[in-house]
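Student: Here you go, one structure.
The values are calculated or read from the model by the stated rules, or taken from the named source; none is laboratory data. Keep in mind that this is a model prediction, so the values were computed, not measured. Virtual Cβ from ideal backbone geometry, glycine too; neighbours counted across all protein chains shown.
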Amino acid sequence: MIIEEVEENARSAVRKQNADSSLEEKFALLARFLILKKQFAPTRKKNGRDLEIGSDEYLDSLARSFLTARADRAPAVPRTVPDKMIAFILKHHYNVEIEKLEEIISAHQSSMAAENYVGYLLERFLSSVLEPLGWVWCSGSSVTAVDFIKPPAHASLPWQMLQVKNRDNSENSSSSKVRLGTEIKKWHRTFSATGATNWLAFPEGDARDELTEEKFEIFVADYLSRIKRGA
């Protein structure tokens, strides 16, 4: 498979979605990466069969996920019905008054939704700083266990790969397994035991001045304000 052809087909896949033209080169770089490192290529299926990595169908499918994940979105509204046993435990062990149970459970569901949303906001914030430095946000889980990639300045050098998490205890076993024996760098924003932040340890030195908790808060406030205005 000729890499240059795959890259051009990747650009075409983005154009088919009427997306921002600036994303064509980012997705083309991502496609190049997946051809060179197929072990990081996510499986895409059609009619029960695996699509060939780098094929037009594969790129079209991956481009949709890549682009959709970059679209603005608000925190997800909880749609699940809470387990009745939660209210039972709150009442009988924590002595929560009956009239407060519904409010507490509703707040808990919203809190869980917000916690999941922080990871999305963190990746968006990082992309706003890293992509101008040559990194590509692997939005839409377009690279397995990797959130950002950066092509080498010279063909003899390795690609840079970065996996980010909001907390030090949030990595799942599958992500950890994929990272073993690889050159994937790992970084987390906060320490679960203390709540302290970890921005000073961010592996991309050129970005550290722009990556602080204060700037993350400003980014999130501006983003949520814009989401509300567009709602």
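Student: Testing ALA71 on (1) at pLDDT 85 or above; (2) closer than 30 Å to ALA221 by Cα; (3) assigned to a helix (DSSP H, G or I), one condition comes back false. Which one is that?
Tutor: (3)
Student: Would you point out which residue out of ALA87, ALA41, ALA28 is under 29 Å from ARG167 (Cα atoms), of a type in the set (Gly, Ala, Ser) and surrounded by 18 or more Cβ atoms within 10 Å (Cβ to Cβ)?
Tutor: On inspection, the qualifying residue turns out to be ALA41.
Student: Quick check: anything in the range 129-136 on the phi < 0 side of the Ramachandran plot, assigned to a loop (DSSP other than H, G, I, E, B) and modelled with pLDDT of 95 or more?
Tutor: Taking the range 129-136 first, the residues on the phi < 0 side of the Ramachandran plot are 129-133, 135-136.
Those left that are additionally assigned to a loop (DSSP other than H, G, I, E, B): 135.
If we keep only those that are modelled with pLDDT of 95 or more too, we end up with 135.
The answer is yes; a qualifying residue exists.
Student: Restricted to the range 44-56, and to residues that are in contact with a Lys or Arg (Cβ under 8 Å, 6 or more places away or on another chain) and either among the small types (Gly, Ala, Ser) or surrounded by 13 or more Cβ atoms within 10 Å (Cβ to Cβ) (or both), which residue is nearest to ILE149 (Cα to Cα)? Give the derivation first.
Tutor: Within the range 44-56, the first condition is being in contact with a Lys or Arg (Cβ under 8 Å, 6 or more places away or on another chain), and the residues that meet it are 50-51, 53.
Filter again for either among the small types (Gly, Ala, Ser) or surrounded by 13 or more Cβ atoms within 10 Å (Cβ to Cβ) (or both), leaving 51, 53.
Details: LEU51: 23, ILE53: 18 Å.
Of everything passing the filter in the range 44-56, ILE53 is nearest to ILE149 (Cα to Cα).
Student: Just checking, does the range 93-108 include any residue being touching a residue at least 40 places away in the same chain (Cβ under 8 Å), in a loop (DSSP other than H, G, I, E, B) and surrounded by 15 or more Cβ atoms within 10 Å (Cβ to Cβ)?
Tutor: No, the range 93-108 contains no residue that is touching a residue at least 40 places away in the same chain (Cβ under 8 Å), in a loop (DSSP other than H, G, I, E, B) and surrounded by 15 or more Cβ atoms within 10 Å (Cβ to Cβ).
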